Amino acid sequence: GKSIGIDGTAFGEVCFNTGMTGYQEIFTDPSYYGQLMVTTNAYIGNYGVRDEEVESDSVKIAGLICRNFTYNYSRFGETKSLFDFLKSNNIVSISDVDTRALVSYIRDNGAMNAVISTELNNEKHLFDELSKSPSMEGLELASKVSTKTAYTFGSKNSKYKIAALDLGIKHNILENMVDRDMYVKVFPYNSNFEMLEAWNPDGYFISN
């Protein structure tokens, strides 16, 4: 592979997504926090990004591995470059990788940590750092992706009030609740039940 032009080093568990579209939503999904994302769709970046098409307040993946990264993009409406989007979040990304072969390897050999880097003058150091990377299994990540303060989503005039515990909630989940006439208050991951109960909700929701 080769760098798309964002220098640095990224460690993380290698995972993959086979979606044909929706790469911006994938990259901002809290479920993928700290992972190196392999996209099997051949072209990434071809329709750019839009501010409203995010699942959280920032990019959550640790790095991107793709086949073809497209700097030129085309779509109706106010659209920005995926490259600028990744660069502003300092997401190390590489292209020209045989992603299908990589996904096949992951499927055969199981979950594993990896490193992508443009800093190739000391490979031993990279491997030493990689060996220190913690396994994702059982890793506590909720505190890294949860909101720091409670906030509300939707209309106060909705039929139902929902208290949601944010362990990495996606915007799309909140939007679906609003579509079902719900007013949601989102609480930080370390909120106790009494804090949620004090809002007097009609129901409770624990996010993924």
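Before moving on, here are some points about what is shown:
- Count - residues of segment 148-171 that are hydroxyl-bearing (Ser, Thr, Tyr) and surrounded by 16 or more Cβ atoms within 10 Å (Cβ to Cβ): 1
- Looking only at segment 1-42, and only at residues there that are closer than 18 Å to Ser104 by Cα and among the β-branched types (Val, Ile, Thr), the one that is farthest from the chain's Cα centre (by Cα): Thr40
- Annotation for segment 23-46: at least one member residue is among the charged types (D, E, K, R), touching a Lys or Arg at 6+ places or on another chain (Cβ under 9 Å) and buried (at least 22 other Cβ atoms within 10 Å of the Cβ).
- Output for segment 167-208, where each listed residue is among the hydrophobic types (A, V, I, L, M, F, W, C) and part of a loop (DSSP other than H, G, I, E, B): Leu167, Ile169, Ala198, Trp199
- Test: Ser131 is surrounded by 16 or more Cβ atoms within 10 Å (Cβ to Cβ) and either polar (S, T, N, Q) or closer than 19 Å to Val14 by Cα (or both): no
- Any hit, segment 60-81, residues being surrounded by fewer than 12 Cβ atoms within 10 Å (Cβ to Cβ) and closer than 20 Å to Glu119 by Cβ: no
- Out of Glu140, Glu175, one residue alone is under 18 Å from the mean Cα position of the chain (by Cα), closer than 30 Å to Ala62 by Cα and exposed (fewer than 11 other Cβ atoms within 10 Å of the Cβ). It is Glu140.
- Restricting Val92, Val97, Val103, Val115 to those that are of a type outside the set (S, T, N, Q), within 17 Å of the chain's Cα centre (by Cα) and open to solvent by less than 50 Å² (accessible area, probe 1.4 Å) reduces the list to Val92.
- Leading residue by the ranking (surrounded by the most Cβ atoms within 10 Å (Cβ to Cβ)) among those in segment 188-199 that are touching a strand residue (DSSP E or B) at 6+ places or on another chain (Cβ under 7 Å) and within 13 Å of Lys161 (Cα to Cα): Leu196
- Yes/no for Glu55 being under 28 Å from Leu120 (Cβ atoms) and touching a residue at least 40 places away in the same chain (Cβ under 8 Å): no
- Counting the residues of segment 1-30 that are touching a Leu at 6+ places or on another chain (Cβ under 9 Å) and among the small types (Gly, Ala, Ser) gives 2.
The values are calculated or read from the model by the stated rules, or taken from the named source; none is laboratory data. Keep in mind that this is a model prediction, so the values were computed, not measured. Every residue, glycine among them, receives a Cβ derived from its backbone with ideal geometry; neighbour counts consider all protein chains shown. Calculation scope for accessible area: heavy atoms of the full protein, side chains included, ligands and nucleic acids excluded. Shrake-Rupley method; radii C 1.70, N 1.55, O 1.52, S 1.80 Å.
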